[in-house]
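Data block below; observations after.
Derivation of every value follows stated rules applied to the coordinates shown; laboratory data play no part. What you see is a predicted model; the values in this text were computed from it and never measured. Note that each Cβ is placed from the backbone with ideal geometry, even for glycine, and that neighbours are counted across all protein chains shown.
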Amino acid sequence: MPVQTRKRTRQEDPTEAVPKPPRATKRAKRTKDDTSGSTKVATTAKEEVVAAVASGGRTGPTTKMLFLLRAVNVSGSNPCNMKRLVQLASDDLGWVNVKTYLQSGNLVADVPASLPSDDASEALRQLLAKSMKVHCAVMVRTLSELNTLIENCPYDASDPTKVHAFFLASAATQEGMDRLELKPKKDDRYTWDGSNNLYLQYPNGAGRSALNGTVLEKSLAVQGTGRNWRSVLAIRELLRE
């Protein structure tokens, strides 16, 4: 009886590789919004930071941070409702012990210790822009950094309204300081800490000084925001609570 042979199929041919199934299209990472249960797409690395904080910000070790908002107002242009900001930082970012000082853009919070300060600042900036339509730079300092700033103040701050700290978004450069040196200052004085802070002394008050925020930012090519010494000390007490 003749032996029947079976035709070898493509898959059975050992000399040919089995075709691989097409790879699935890479999908955007999706995260759960703890506060509403809705799903949202994390489209950038910074947004993934926000999502990570929202999902785990209430657990684990934390670091106290101070966030200083630049050029926000209670009303008028670029208004920022600080009470609503406290709620959003707590509910959407998962930060705890969120508090504010005055209505001029000073917020303190316990932030996950694993979150770098620059990423925490960016998370808050995105939250302000998306949820409150407030567009501003956000400077961030830890309690340790604020303590160092206060301890090294070169001026007599017995009148705390005449000494200010100017918090920069990034470190100033010597080139920027050289430009600032050329600006008219009259009786006003300033000292750079070599990094991202300036001390300002206004013997005649800050209101009419030529050494204002606009001049400082333009000279240094860095955004920043100023607080008088009374506010600086009060904010430190808030951070210590």
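Here the Karplus relation 6.51 cos²θ - 1.76 cosθ + 1.60, evaluated at θ = phi - 60°, turns the backbone of the range 92-101 into coupling constants of 8, 9, x, 6, 10, 6, 7, 9, 10, 10 Hz, with x for every Gly and Pro. Modelled label positions at V86 and R230, each set 7 Å beyond Cα in the direction of Cβ, lie 2.1 nm from each other. The local environment of T225, defined by Cβ-Cβ distances under 12 Å, has a net charge of +2 under the rule Lys, Arg +1 and Asp, Glu -1. Highest mean packing first, where packing is the average number of other Cβ atoms within 10 Å per residue, the peptides 176-184, 139-147 line up as 139-147, 176-184. The label point for D187 and the one for K218, both projected 7 Å from the Cα toward the Cβ, are 2.5 nm apart. For the range 60-168, relative contact order (Cα pairs under 8 Å, six or more residues apart, normalised by length) works out to 33 percent. Listed values for the range 152-168 are Karplus-derived 3J(HN,Hα) couplings in whole Hz (6.51 cos²θ - 1.76 cosθ + 1.60, θ = phi - 60°), namely 9, 4, x, 10, 6, 9, 4, 9, x, 7, 9, 10, 10, 10, 10, 8, 9, and x replaces Gly and Pro.
Applying a threshold of 30 Å to the alpha-carbon distances of K64/K133; K64/K162; K64/K130; K133/K162; K130/K218; K133/K186 flags K133/K162; K133/K186 as lying beyond it.
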